[in-house]
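Following: one structure in structure tokens, then a few remarks.
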Amino acid sequence: MMTMQNPMTEIATSKKAGDTLLSVRNLKKHFPIKDGVLQSTVGHVKAVDDVSFDIRRGETVGLVGESGCGKTTLSQCVAGLMEPTSGEVLFDTGRGGTLGPEDRIDRMSGKQKAKYRRNVQMVFQDNFASLNPRNLVVDIVGRPLRVHGEASGGLLTERVVELLEQVGLGRQHLYRYPHQFSGGQRQRISIARALALDPDLIVLDEPTSALDVSVQAQILNLLGDLQQQRHLAYLFVTHDLSVVRHMADRTVTMYLGRVVEHGPTETIFRDAQHPYTKALLAAKPDLDDDPDAPIATLEGTIPDPARPPKACRFHTRCPVATPDCGWEVDDIVRLLESDDTLFERLSGVSRKSELEAELAFETEEAACKLWEVLRSDRVPEAMREATEILDVKGSKLNVRFRDSDEIGLRALGSGHEAACVHAGRLS
Amino acid sequence: MTQIDTPAKPLDPLRHDTAFTVRLRRYREISGTILSNPTTVIGLFFIIALLCMAIFAPLLAPPNVPDPYQMPRDWGAVRSPPGTPGHPLGTTNQGGDVLYGVIWGSRTSLQLSLIVVSVTVVIGVCIGSLAGLVGGWLDEALMRVVDIFLSIPELIFALAVAAILGPSFTNIILSLCIVFWVKYARIMRAQIILIRQADYVQAARVIGDTRFNIFRRDILPNAITPIAVQATLDMGNIVLVGATLSFIGLSESGIAEWGVLVSEGQAGIASGRWWASTFPGLMIFIWALAFNLVGDGLRDALDPKTEDKR
Ligand SMILES: Nc1ncnc2c1ncn2[C@@H]1O[C@H](COP(=O)(O)OP(=O)(O)OP(=O)(O)O)[C@@H](O)[C@H]1O
Ligand code: SF4
Ligand SMILES: [Mg+2]
């Protein structure tokens with residue numbers, strides 16, 4: 001049974017396991033790229049681009065993906081540290097009923113907003129940077145209580161001792177500075193601070209990535225124990241799939257600002273449908289994969305999030321891509337960028353659309369060379385198949401790709417969704 | 001409960017700490033580091049000596065009436081060399097006692113540097129914080145002003161301002177205040193922009209603390225170290241620049257101020273009367289050197305890269 005620290009904050013009717021606690025809907029966060037003396041905006045880094053998912057009371061949602069896919073940006077939007085460009089984050093502050101526009105964290109009334117602030121806490125990756133080096137542990141852990149006027153003086157100290165004991169520290173650590181602790185202990189202090197206001201949700205942004213493996217396990221166990229005792233929900237951000245498997249009830253895989261797969265952790269690990277998730281799983285050596293499954297590995301670099309690939313953003317690296325996965329002129333641009341010998345004679349690109357362009361070269365020879373490359377196995381077969389027009393006129397190369405539809409998440413039953421043309425068909 | 005990983009430093013269970021003893025120990029640790037550098041200690045020694053001189057000036061040299069900051073005149077002993085009875089460091093052309101000028105000059109210098117440093121630190125910290133916290137066009141505008149100020153050498157700028165304001169010691173103080181805040185604004189802004197992004201500031205926001213409290217408790221205390229270092233260096237530099245302005249003649253003649261004394265005494269050097277400008281000149285040198293030694297020592301000791309991971 002859960003133990004509530006502060007019965008005042010409990011609203012019995014609205015705290016049932018399985019109710020949606022937080023809902024992220026069509027969230028976008030685009031960072032402007034400024035350039036030049038006038039600092040004009042020349043583009044946007046689409047760090048998070050149309051992401052939706054829910055977190056239910058008491059559950060752990062694991063958020064995985066490679067570095068730079070937008071995990072931190074997303075978790076900071078959830079924790080209210082960043083204003084989304086568009087879309088919404090809804091949070092159940094115990095208003096009752098289903099989540100609605102009044103529950104948007106950026107439109108809440110003052111009282112609701114204060115409840116949101118108390119009930120969503122965060123633990124950061126860098127255990128040293130997340131504690132003010134000039135404050136004592138008693139001040140760091142006691143600060144939320146002081147800010148919200150819950151305790152002061154001797155009572156505050158006692159509450160801090162209680163919190164420290166819950167994370168495996170104690171009274172003897174009250175009057176110490178952060179630098180006097182080990183990394184694991186500092187992360188415990190961060191966790192104690194996050195627990196102080198008895199929140200419903202803790203956002204954990206790679207909480208163990210900076211720690212030694214043996215210490216990682218201890219912190220994960222602590223988080224597990226606390227979740228049981230306090231009925232916490234976690235948004236657990238990590239790039240470590242074994243951690244997700246250990247911790248998460250549901251897993252969200254992100255790639256270049258998008259959710260590409262989403263479902264119960266067990267299903268994802270048993271029956272991943274998106275080639276990107278499969279590649280992540282395959283890259284993890286200590287998992288007991290099915291030996292017969294084709295092993296897909298991640299190759300190539302992550303495309304620039306300011307110019308994400310069309311349709312399926314993974315098509316530039318996908319081992320099983322089809323002609324319908326979003327081939328476009330940018331794929332040729334990316335090819336040219338990765339090969340200087342082709343790029344150097346290029347004199348101009350005039351695009352008619354994202355699918356059609358005329359590439360002008362200095363010599364006919366150079367145009368023919370690119371033509372040959374585009375018909376060779378240096379480009380994926382799917383890309384060749386998707387090429388509708390490819391011809392050279394003088395020193396100009398004309399190219400047009402077949403159009404393809406946006407590839408959204410497809411429901412695969414029992415809460416499993418994947419954004420891939422093969423989803424549900426390939427196993 | 002799971003087993004705890006080994007602590008970074010062994011804990012002594014018998015030690016009963018309170019916030020007070022722990023803070024005290026930390027300050028002792030930090031001052032230990034600062035004092036482990038011999039040049040800092042030498043500088044500190046001179047600073048203490050100079051401060052004592054300024055504080056106890058009325059005991060060391062009985063104040064001149066009516067205004068102790070004016071040089072006393074002994075018309076019976078004009079241009080006496082050092083060692084003359086009653087005038088151990090000699091006298092000036094007007095019969096001013098050089099020792100009196102040296103002693104009371106330390107008071108003048110302390111006033112000058114303290115006033116200018118405190119005024120400029122306050123102005124600089126406020127403007128730098130405003131620029132760093134508000135950002136946008138206000139930041140742009142303020143930083144353009146700072147750039148313009150920084151493009152003119154300090155001495156030339158102060159000289160121009162003092163010349164416009166007219167020759168007086170007060171105007172020297174004023175002109176130095178106008179010139180010296182700029183560096184603090186620039187340092188403060190850079191610090192704020194850095195610290196604003198720190199995870200512990202984000203953590204304070206998640207807790208729901210107010211912007212003002214975050215500024216006061218997280219940003220300011222962590223931003224202030226380089227300001228303190230610069231202020232120590234400026235305690236020396238300001239006396240140097242102030243004396244230079246006095247030397248050029250932008251102060252009042254006859255006051256007990258080292259720059260003025262050097263200026264008024266330099267004409268006699270050619271005729272062998274070296275003492276009237278050499279002793280005050282030496283004082284300026286010692287003052288500037290002492291604060292620069294300590295300032296450099298502080299910079300090394302408080303370097304954020306070493307400070308917290310000791
Ligand atoms: N303040 C910002 N301004 C501009 N671009 C940003 C900003 N913050 C993040 N980005 C960009 O947004 C993208 C996503 O960054 P984010 O930090 O969310 O990724 P991440 O998944 O957390 O990566 P990591 O695993 O490295 O922590 C990156 O391309 C990053 O460069
Ligand atoms: S839709 Fe599926 S097959 Fe096509 S590129 Fe994307 S992941 Fe690969
Ligand atoms: Mg991150």
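The values are calculated or read from the model by the stated rules, or taken from the named source; none is laboratory data. Remember, predicted model here, so these are calculated numbers, not experimental data. FYI the Cβ positions are ideal-geometry reconstructions off the backbone, even for glycines, and counts take in every protein chain you see. When the accessible area is computed, the model is the full protein with side chains, heavy atoms only, and any ligands, DNA or RNA have been set aside. Shrake-Rupley method; radii C 1.70, N 1.55, O 1.52, S 1.80 Å.
Computed quantities for the displayed model
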| item | result |
| --- | --- |
| Subset of region A:137-161 (residues that are in a helix (DSSP H, G or I), of a type outside the set (D, E, K, R) and more than 8 Å from chain B (Cβ to nearest Cβ)) | A:V137, A:I140, A:V141, A:G142, A:L145, A:G153, A:G154, A:L155, A:L156, A:T157, A:V160, A:V161 |
| Condition broken by A:K111, with the remaining ones in (1) away from ligand 3 (no atom under 16 Å from the Cβ); (2) within 30 Å of B:T18 (Cβ to Cβ) satisfied | (2) |
| Residue that is nearest to the other protein chains (Cβ to nearest Cβ) [pool: residues in region A:60-74 that are crowded, with 22+ Cβ neighbours inside 10 Å and among the small types (G, A, S)] | A:G70 |
| The listed residue being in contact with a helix residue (DSSP H, G or I) (Cβ under 6 Å, 6 or more places away or on another chain) and either within 14 Å of chain A (Cβ to nearest Cβ) or modelled with pLDDT of 90 or more (or both), out of B:P221, B:P226, B:P304 | B:P226 |
| Enumeration of residues in region A:243-278 that are within 16 Å of ligand 1 (Cβ to nearest atom) and closer than 24 Å to A:V167 by Cα | A:V243, A:V244 |
| Test for A:T251: is it polar (S, T, N, Q), under 19 Å from A:Q76 (Cα atoms), in the same structural domain as A:A114 (by TED's automatic domain parsing) and modelled with pLDDT of 95 or more | yes |
| Residues that are among the hydroxyl-bearing types (S, T, Y) and closer than 18 Å to B:V179 by Cβ, drawn from region B:98-147 | B:S109, B:S113, B:S118, B:T120 |
| A:R186 being basic (K, R) and either modelled with pLDDT under 95 or within 30 Å of A:E88 (Cα to Cα) (or both) | no |
| Given (1) in contact (Cβ under 8 Å) with a residue 60 or more places away in the chain; (2) away from ligand 1 (no atom under 15 Å from the Cβ), index of the condition A:G18 fails | (1) |
| Leading residue by the ranking (farthest from the chain's Cα centre (by Cα)) among those in region B:53-63 that are part of a helix (DSSP H, G or I) and surrounded by fewer than 13 Cβ atoms within 10 Å (Cβ to Cβ) | B:L59 |
| Selection status of B:T244, without any contact (Cβ under 8 Å) to a residue 24 or more places away in the chain and either surrounded by fewer than 20 Cβ atoms within 10 Å (Cβ to Cβ) or within 14 Å of chain A (Cβ to nearest Cβ) (or both) | no |
| Conditions (1) at the interface with chain B (Cβ under 9 Å from one of its Cβ atoms); (2) open to solvent by 10 Å² or more (accessible area, probe 1.4 Å); (3) touching a strand residue (DSSP E or B) at 6+ places or on another chain (Cβ under 6 Å): number failed by A:A79 | (2) |
| Qualifying residue in region A:90-101 (condition: closer than 30 Å to A:A279 by Cβ, more than 14 Å from every other protein chain (Cβ to nearest Cβ) and crowded, with 22+ Cβ neighbours inside 10 Å) | no |
| Residue ID - farthest from B:L24 (Cα to Cα), chosen from residues in region A:162-172 that are at the interface with chain B (Cβ under 8 Å from one of its Cβ atoms) and touching a helix residue (DSSP H, G or I) at 6+ places or on another chain (Cβ under 7 Å) | A:G168 |
| Pairs, first outside the structural domain of A:L164 (by TED's automatic domain parsing) in region A:197-214, second open to solvent by less than 20 Å² (accessible area, probe 1.4 Å) and among the basic types (K, R), C-beta under 6 Å, six or more apart | none |
| Hits in region B:182-221 - residues which are touching a Pro at 6+ places or on another chain (Cβ under 7 Å) and free of Cβ contacts under 8 Å to residues at least 40 places away in the same chain | B:I207 |
| Residues that are buried (at least 19 other Cβ atoms within 10 Å of the Cβ) and away from ligand 3 (no atom under 15 Å from the Cβ), drawn from region A:32-50 | A:K46, A:D49 |
| Residue in region A:232-243 that is in a helix (DSSP H, G or I), within 9 Å of another protein chain (Cβ to nearest Cβ) and open to solvent by 20 Å² or more (accessible area, probe 1.4 Å) present | no |
| Some residue of region A:333-351 being open to solvent by less than 60 Å² (accessible area, probe 1.4 Å), part of a helix (DSSP H, G or I) and touching a helix residue (DSSP H, G or I) at 6+ places or on another chain (Cβ under 7 Å) | yes |
| Given (1) touching a residue at least 24 places away in the same chain (Cβ under 8 Å); (2) under 20 Å from B:V262 (Cβ atoms), index of the condition B:R73 fails | (1) |
| Given (1) open to solvent by less than 20 Å² (accessible area, probe 1.4 Å); (2) more than 9 Å from chain B (Cβ to nearest Cβ), number of the condition A:S130 does not satisfy | (2) |
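Residue-wise test of (1) within 14 Å of chain A (Cβ to nearest Cβ); (2) at pLDDT below 85.
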{"site": "B:T6", "(1), (2)": "yes, yes"}
{"site": "B:R15", "(1), (2)": "yes, yes"}
{"site": "B:T40", "(1), (2)": "no, no"}
{"site": "B:L59", "(1), (2)": "no, no"}
{"site": "B:V65", "(1), (2)": "no, yes"}
{"site": "B:G76", "(1), (2)": "no, yes"}
{"site": "B:G90", "(1), (2)": "no, no"}
{"site": "B:G96", "(1), (2)": "no, no"}
